[in-house]
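Please treat every number below as a calculation from the coordinates, not as lab data. It should be emphasised that the depicted structure is a prediction, and the values quoted were computed from it without experimental measurement. Don't worry about glycine lacking a Cβ; one is built from the backbone with ideal geometry, like all the others, and counts go over all protein chains shown.
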Amino acid sequence: AKAPVRVAVTGAAGQIGYALLFRIASGEMLGKDQPVILQMLELPMEKAQQALKGVMMELEDCAFPLLAGMVGTDDPRVAFKDADYALLVGARPRGPGMERKDLLMENAKIFIEQGKALNDVAARNIKVLVVGNPANTNAYIAMKSAPSLPKENFTAMLRLDHNRALSQLATKTGKPVDSIEKMVVWGNHSPTMYPDYRFTTIAGQAAPALVNDEAWYKNEYIPKVGKRGAAIIEARGLSSAASAANAAIDHMRDWALGTNGKWVTMGIPSDGSYGIPQDVIYGVPVTCANGKYERITGLEIDAFSREKMDFTLNELKEEQDGVKALLG
Ligand code: NAX
């Protein structure tokens, strides 16, 4: 039998946490033969810690054969101790009257602290996925706060956007979702993201030719994928949780176990390619193998794409500028 790996999850008592932990413990993320120890972080407040206890009781009650241990804590250094994987879901939500800038600063403080803790106590080959918003910039902050960990260990979640882009295209063309390959979602996890179907194939046929409706692509599809999060809130009265947890599972599973050549989107630190400055955490197409992701290089960027990619990049630059002072 395999030795257990340690999986840290922050915001464990929140709605994404509730949709995520049971699937990790049942082996859907790392495989049905991989025991896991869950190390769960929540805020120190009584209410959050009580809710976390309840989640842990339910995890116990599932009697998952792969759940080799559990830790519940309010201390990042306990949650991240020797962690092989970290899913950073907990973040400060936007409160009434809170400016975007305040939100950025509040989250910067959280992700500086958590980045430092990861730096000090996590396994050196830890794989970190940031889900909590603003996800790309939070991942950037954690990465910059963990100088002794390799930069490539820090990623942000664009997979929900990627999955939304696949699904909307499947619906439009009436083709099964798994017949779609080479989807790309560039940039920030925000409505500025750019779902790019220029390289996409559907059952082997070029997507733009098959769809044959550029107005739909530009005026309906791109905004629909970008604003899907808001549409879920409007319909459900709560933000995406099960689909977000599902995307987090997809992201980590693919990173750990590989994609067999299939393209997926991950927010990763830029190497300077595609005109994205070094270290900006930006959604790009990758394949994964042997526990590593590799960006797809050499894709042609046309004028429309350049404009879209720069627009979402500019938002990320603004976010980075906003937290520059805190990062020192
Ligand atoms: P909830 O408010 O239900 O849960 C968040 C939990 O995190 C709470 O239990 C809270 O006590 C805890 N928490 C807050 N700060 C913490 C800290 N410093 N350390 C540990 N725990 C902390 O939110 P939920 O719906 O679960 O969403 C979590 C985050 O995911 C939000 O920031 C949300 O915006 C973000 N999302 C990101 C998505 C993505 O695609 N990247 C999509 C879904 C989601 O909107």
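Taking each residue of the range 236-247 that is in contact (Cβ under 8 Å) with a residue 24 or more places away in the chain and looking for partners that are near the ligand (Cβ under 8 Å from one of its atoms) and not hydrophobic (A, V, I, L, M, F, W, C) with beta-carbon atoms closer than 7 Å, six or more apart or interchain, yields LEU238/GLN15; SER239/GLY229; SER240/GLY229; ALA241/GLN15; ALA247/ARG159.
ASN133 meets each of the listed conditions (1) surrounded by fewer than 20 Cβ atoms within 10 Å (Cβ to Cβ); (2) within 8 Å of the ligand (Cβ to nearest atom) apart from (1).
The single condition from (1) surrounded by 13 or more Cβ atoms within 10 Å (Cβ to Cβ); (2) within 16 Å of the ligand (Cβ to nearest atom); (3) under 27 Å from LEU313 (Cα atoms) that ALA230 fails is (1).
The sole residue among LEU20, LEU88 that is under 19 Å from VAL130 (Cα atoms) and in contact with a Ser or Thr (Cβ under 7 Å, 6 or more places away or on another chain) is LEU88. Of the residues making up the range 166-184, those that are touching a Lys or Arg at 6+ places or on another chain (Cβ under 9 Å) and in a helix (DSSP H, G or I) are GLN168, LEU169. Within the range 7-24, if we keep just the residues that are surrounded by fewer than 23 Cβ atoms within 10 Å (Cβ to Cβ) and closer than 18 Å to ALA63 by Cα, the residue that is farthest from the chain's Cα centre (by Cα) turns out to be PHE22.
Against the test of being part of a helix (DSSP H, G or I), closer than 30 Å to PRO147 by Cβ and not polar (S, T, N, Q), the options ALA231, ALA248 yield a single qualifying residue, ALA248. Total residues in the range 66-94 satisfying the condition of being crowded, with 18+ Cβ neighbours inside 10 Å, within 12 Å of the ligand (Cβ to nearest atom) and of a type outside the set (D, E, K, R): the figure is 11. List every residue pair whose Cβ atoms lie under 9 Å apart, where the two residues are 6 or more positions apart in sequence or sit on different chains, the first residue falls within the range 40-65 and is under 16 Å from LEU20 (Cα atoms), and the second residue, located anywhere, is polar (S, T, N, Q) and in a strand (DSSP E or B). What qualifies is MET40/THR10; MET40/THR73; LEU41/THR10; LEU41/THR73; GLU42/THR10; GLU42/THR73; LEU52/THR73. Looking across the range 29-40, the residues that are over 18 Å from GLY291 (Cβ atoms), of a type in the set (A, V, I, L, M, F, W, C) and either near the ligand (Cβ under 9 Å from one of its atoms) or within 19 Å of the chain's Cα centre (by Cα) (or both) come down to LEU38, MET40. Report the residue count in the range 3-28 for those that are in a loop (DSSP other than H, G, I, E, B), within 19 Å of LYS127 (Cβ to Cβ) and either in contact with an Asp or Glu (Cβ under 6 Å, 6 or more places away or on another chain) or away from the ligand (no atom under 15 Å from the Cβ) (or both). The qualifying residues number 5.
Candidates are the residues of the range 136-165 that are in a loop (DSSP other than H, G, I, E, B) and away from the ligand (no atom under 11 Å from the Cβ); the one that is farthest from LYS218 (Cα to Cα) is SER148. Applying the criterion of being in a strand (DSSP E or B) and in contact (Cβ under 8 Å) with a residue 60 or more places away in the chain to the residues of the range 66-97, the residue that is farthest from VAL36 (Cα to Cα) is LEU88.
No other residue among LYS324, LYS227 is closer than 23 Å to ARG94 by Cα and without any contact (Cβ under 8 Å) to a residue 12 or more places away in the chain apart from LYS324.
Of everything in the range 263-302 that's touching a residue at least 24 places away in the same chain (Cβ under 8 Å) and in contact with a Cys (Cβ under 9 Å, 6 or more places away or on another chain), which residue is nearest to ASP178 (Cα to Cα)? Step by step, filter the range 263-302, then rank; the result is VAL264.
Here ALA303, ALA289 are screened, and the one residue that is over 16 Å from the mean Cα position of the chain (by Cα) and under 20 Å from LYS151 (Cα atoms) is ALA289.
Per the conditions (1) touching a strand residue (DSSP E or B) at 6+ places or on another chain (Cβ under 9 Å); (2) surrounded by fewer than 23 Cβ atoms within 10 Å (Cβ to Cβ), the sole criterion not satisfied by LEU38 is (2). Pick from the range 41-65 the residues that are surrounded by fewer than 20 Cβ atoms within 10 Å (Cβ to Cβ) and in a loop (DSSP other than H, G, I, E, B): which of them is farthest from the ligand (Cβ to nearest atom)? The qualifying residue farthest from the ligand (Cβ to nearest atom) is PRO65.
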